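Note sheet for the following structure.
The values are calculated or read from the model by the stated rules, or taken from the named source; none is laboratory data. Treat the numbers as computed from the prediction; the structure is a model and nothing was measured. Here the Cβ is made from the backbone with ideal geometry for all residues, glycine too, and neighbour counts use every protein chain on show.
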């Protein structure tokens, strides 16, 4: 040690640790996107973080064909209808794999302009010729190729190029995306044993390492009605990176072969095993103008909107909050009519739906998919389950910095004091009814302490949704005395 003479200063760590902020409802959405319209086609099986609609369109492209390009539905709903952010997108549509080649075909050239009526065309694989036996024309020398608003390719002849005014047609060949080739196995994904590359739902484990954001909701728009996809979603929601928890927001199949009537939904839900505490089950779809949204899509947006109102603390239920909808429809587009009795019946079976009763169309339902099979309050109510997830995720991120510190009184007091201050703050603002942390000798036998294991016990109670406000009316005959008042 160096010799000291004079005044010296040293610092000790702060005894109270500030909690790390966690994005309670961050949606991670798996599906397909028209990447041929994006700036590059690099974003295949890679988590893409977007905070704005233009940013998402730039990275993934956009198409109104939501059946084939499912991520576009979520993109519009979340950014434009609910005005919340961010989103993590995972596109599984691979231009190298899910594609179809179209050989030479004639297209009419009218006033120097030709249109190819086909979406998903990959511009870098487009060939334009004057005749089938001719040489390919040069892009940006003989012609310009660009997309119109519908995703079709417009070929425009360049003045002075090889395409004269007398040319009646062009011969084109191209490769285009084929979303029909995407299967549920692409959504489910896995890990390549040779390269170690993650695909599909397995990429949920890459979100935090890449962006330092904890997933709060897992969705697969247009795919979550498949029981195999939903099973993997709920499995992932319980152990992200082996540590974090989220909820999976899923849809019931509202087609004729699924459950297109409300009375069929509970049996479908149970038969297909949509019964997990970390799962939200939605039925049917919602309509806004000519657009039809999966209810899971708008549920996720509403969850984020309610969380944002509460400083990203998920203690309030999204139920009885306004959707962006004017009606309910099944998969065939047929109108679904639900009154309070039918909607409450679905709620009693752990199904979230929508109701137009007082104040417009609103999400209706507080129960997770586990209800009524499981009635434990922390697993049966959506906001309580999400609060437990959020508290657990926050604890992990906050106290990870204390791992491997010496097991002494200072460590114990730092954790206990910091946690109690944080829990008291949540209680003061109404996010919790109460909470505390204890370090108990009974939970920490000497053999565990010798092995470096320290156990804390956290107690908390988050408010349950006030599902039933019951008023009793009684005729009070004593008020007859008012007839004789002076």
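Here region 210-230 is the region considered, the condition is being in contact (Cβ under 8 Å) with a residue 24 or more places away in the chain and more than 16 Å from the chain's Cα centre (by Cα), and the residue that is farthest from residue 273 (Cα to Cα) is 210.
Do we have residue 254 as touching a residue at least 60 places away in the same chain (Cβ under 8 Å) and assigned to a helix (DSSP H, G or I) here? Taking the combined requirement at face value, the residue does not satisfy it. Which of the residues belonging to region 440-468 are over 22 Å from residue 380 (Cα atoms), surrounded by 15 or more Cβ atoms within 10 Å (Cβ to Cβ) and out of contact with any strand residue (DSSP E or B) (no Cβ under 8 Å at 6 or more places or on another chain)? Answer for region 440-468, where residues must be over 22 Å from residue 380 (Cα atoms), surrounded by 15 or more Cβ atoms within 10 Å (Cβ to Cβ) and out of contact with any strand residue (DSSP E or B) (no Cβ under 8 Å at 6 or more places or on another chain): 444, 454.
Apart from one condition, residue 392 fits all of (1) outside the structural domain of residue 234 (by TED's automatic domain parsing); (2) crowded, with 24+ Cβ neighbours inside 10 Å; the exception is (2).
So that you can scan it fast, the table gives a plain yes or no per residue for (1) surrounded by 24 or more Cβ atoms within 10 Å (Cβ to Cβ); (2) touching a strand residue (DSSP E or B) at 6+ places or on another chain (Cβ under 8 Å); (3) assigned to a strand (DSSP E or B); (4) at pLDDT below 95:
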position: 299; (1), (2), (3), (4): yes, yes, no, no
position: 320; (1), (2), (3), (4): no, yes, no, no
position: 341; (1), (2), (3), (4): no, no, no, no
position: 345; (1), (2), (3), (4): no, no, no, no
position: 353; (1), (2), (3), (4): yes, yes, yes, no
position: 370; (1), (2), (3), (4): no, yes, no, no
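Among the residues of region 355-368, those that are touching a helix residue (DSSP H, G or I) at 6+ places or on another chain (Cβ under 8 Å) and either outside any strand (DSSP E or B) or in the same structural domain as residue 458 (by TED's automatic domain parsing) (or both) comprise 357, 365, 366, 368.
Listed by position, the strands (runs of 3 or more DSSP E) inside region 16-119 whose residues that are assigned by TED's automatic domain parsing to the domain that holds residue 413 and without any contact (Cβ under 8 Å) to a residue 40 or more places away in the chain number at least 3 form an empty set.
Scanning region 216-227 for residues that are out of contact with any helix residue (DSSP H, G or I) (no Cβ under 6 Å at 6 or more places or on another chain) and surrounded by fewer than 24 Cβ atoms within 10 Å (Cβ to Cβ) yields a count of 1. Of all residues in region 176-203, those satisfying the criterion of being part of a strand (DSSP E or B) and more than 23 Å from the chain's Cα centre (by Cα) are 176, 177.
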